Amino acid sequence: MSAQKTIHVGGEWREAASGATREILDPVDATAFAVVAEGGVADTDAAVAAARAAFDKGPWPHTPVAERAALLRRVADLLERDREKIGALECRDAGKTLEEGRVDVDCVRDAFRYFADLVMNESGGRVVDAGSDEIHSVVVHEPVGVCGLITPWNYPLLQASWKIAPALAAGNTFVIKPSEITPLTTVALVALLVEAGLPAGVANIVTGAGATVGARIADHPDVDLVSFTGGLASGTKVMRAAADTVKKVALELGGKNPNVVFADACATDDGFDTAVDQALNAAFIHSGQVCSAGSRLIIEESVRDRFVTELARRAARIRIGRGTDDGVECGPLVSEQQLARTEEFVASALKEGAVLRAGGERPEGPGYFYRPTVLDHCDRSMRVVREEIFGPVLTVETFRTEDEAVALANDTEYGLAGAVWTADAGRGRRVAGRLRHGTVWINDFHPYLPQAEWGGFGKSGIGRELGPTGLAEYREAKHIYQNLAPRPVRWFAG
């Protein structure tokens with residue numbers, strides 16, 4: 001199997017400077033299906049140099065907004081053209097179902113179109129009233145410069161778009177490092193940028209390990225901003241590395257997300273069915289490998305037994321397998337390491353007193369599969385409730401009062417997302433207002449809008465992606481003060 005040239009620097013696809021390569025494994029059967037370049041520090045330095053030259057001397061930062069927006073729309077059109085091919089690649093690379101891969105491509109397309117529309121609809125700056133007709137004062141926004149973008153393995157294509165689209169819309173250049181486990185759709189996206197006509201050096205990609213490529217991006221003196229999505233431990237390393245050069249930092253570090261269900265949401269058969277169905281979606285989409293997964297079910301005590309019994313029954317019937325096969329609802333975990341991590345969390349939970357209601361084991365056969373798992377009688381003393389797993393594991397806690405429900409939901413170091421289910425609209429808004437999480441759904445779970453900010457409180461990170469704030473992350477504000485009638489100040493007598 002020949003290696004792909006997956007490093008793109010200054011408009012050229014190339015191998016790693018060292019000649020090193022990495023096999024990409026299909027998580028369904030643990031077999032290699034692609035070989036990519038394994039970049040290192042030299043490749044990263046070359047990519048940053050290309051991005052620096054393209055920003056300092058190239059046309060992109062000064063390209064009119066209409067032209068930048070038009071390029072983003074061309075990329076969106078190309079994504080639509082290649083939807084099936086890229087969706088299938090995302091399915092195989094990350095272990096998703098084919099439909100999840102297609103939806104990801106659609107969401108990426110929508111992100112590019114959103115940021116194209118956003119920059120086109122902006123004014124030329126914010127006029128500041130200086131209190132005099134002789135002064136013209138305006139605040140404008142300019143690109144940050146060279147952006148280092150580091151993305152995770154669970155949503156490689158989607159997370160890349162959340163960074164690339166606003167970075168380009170703002171006029172920046174970038175170097176992106178996708179996860180070494182799932183790099184292929186990011187490589188495909190960069191190829192579409194090139195096809196759409198992006199000038200050489202604006203988009204650069206280095207495939208390789210986080211410990212080398214990611215670390216070098218974070219501490220490189222010519223990188224002006226680093227945007228990282230991934231785990232808490234890696235995120236803190238990125239922040240420390242970036243501190244020496246005082247570059248801008250944006251971090252999205254996951255969550256331990258509560259799904260709060262009040263009894264009144266289950267008062268009717270339809271309400272009960274919907275709440276159970278959505279609890280399954282919250283926890284087990286993409287085998288739970290979602291930063292906003294509703295992995296903590298917090299349910300009112302009076303309906304707990306009925307709810308958990310039905311939840312476990314349905315979880316046991318989830319069909320797992322290769323994402324392109326008919327009827328498959330859930331794919332494998334992304335790697336042997338992630339599978340072992342999930343097994344260790346479940347074992348520790350059972351040792352600490354949790355009760356297994358569904359799953360809790362690998363199925364027979366190859367690949368990194370783990371059955372959707374429901375753990376009952378959990379509490380906040382357990383690791384499985386406190387720490388992010390990134391696997392198909394749902395824990396169950398109970399409450400009696402609204403105050404207790406809110407306290408449980410907020411009792412986490414993270415604060416990315418959460419949900420509340422209730423038939424009482426006033427209660428829904430009241431509880432949503434009290435939850436310390438960046439996104440709160442009322443009677444829903446998982447949808448997001450490209451025009452609404454995404455990010456978290458606490459250890460879920462700093463900064464926001466998407467929405468107007470997501471664009472602002474990639475800009476610097478500049479105040480331009482013009483005196484239209486200059487005259488001597490006579491501060492000094494002379």
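The values are calculated or read from the model by the stated rules, or taken from the named source; none is laboratory data. It should be emphasised that the depicted structure is a prediction, and the values quoted were computed from it without experimental measurement. Backbone-built Cβ (ideal geometry, glycine too); neighbour counts: all protein chains shown. In case anyone asks, the SASA skips ligands and DNA or RNA and just uses the protein heavy atoms, side chains included. Shrake-Rupley method; radii C 1.70, N 1.55, O 1.52, S 1.80 Å.
Annotations
- R0 of 30 Å, Cβ-Cβ distance Ala263-Ser381: FRET efficiency to nearest 0.05: 0.75
- Straight-line reach from Lys459: taking Cα to Cα under 16 Å and skipping same-chain neighbours fewer than 8 places apart, the lysines in range are Lys237, Lys256.
- Mean separation of Cα contacts under 8 Å, 6 or more apart, over the residue count of the stretch 386-448: relative contact order %: 31
- Solvent-accessible area per residue in the chain equals 41 Å², computed with a 1.4 angstrom probe and all protein chains kept.
- Contact order normalised by residue count of the chain, Cα under 8 Å, 6+ apart, percent: 17
- By DSSP, the beta bridges lying fully in the stretch 221-363 are antiparallel in about 0 percent of cases.
- When the C-alpha to C-alpha distance is required to be over 32 Å, the pairs from Lys85/Lys248; Lys85/Lys177; Lys57/Lys85; Lys5/Lys96 that qualify are Lys85/Lys248; Lys57/Lys85.
- Accessible carbon and sulfur surface of the chain relative to its total accessible area, %, 1.4 Å: 51
- Gained length - Arg434 relative to Glu122, 0.36 nm times residue gap less alpha-carbon distance: 109.0 nm
- Taking every full run of DSSP H in the chain, the ones that stretch at least 15 Å from end to end by Cα along their long axis and average 1.0 or higher on the Kyte-Doolittle scale are 184-196.
- Computed FRET value (nearest 0.05) for Thr236 with Gln337, which takes r as the C-beta separation and R₀ as 25 Å: 0.80
- Label-reachable residues, the stretch 55-79, where backbone N falls under 19 Å from a point 7 Å from Val194's Cα toward its Cβ: 55, 59-60, 71-72, 74-79
- Sorted peptide list for 484-493, 277-286, 86-95, criterion being average Cβ within 10 angstrom, highest first: 86-95, 277-286, 484-493
- Highest average packing first - 32-42, 452-462, Cβ atoms within 10 Å: 452-462, 32-42
- At R0 = 22 Å, FRET efficiency that the Cβ-Cβ distance of Thr309 and Asn410 yields, to 0.05: 0.20
- Mean Cβ count within 10 Å, highest first, over the residues of peptides 207-216, 22-31: 207-216, 22-31
- Length added when fully stretched, Val246-Ala20, from 0.36 nm per residue minus Cα-Cα: 78.2 nm
- Across the stretch 1-135, the mean sequence separation of Cα contacts (distance under 8 Å, 6 or more residues apart), normalised by length, yields a relative contact order of 20 percent.
- Placing a label point 7 Å from the Cα of Glu329 along the Cα-to-Cβ direction, the residues of the stretch 85-100 whose backbone N falls under 17 Å of that point are 96-100.
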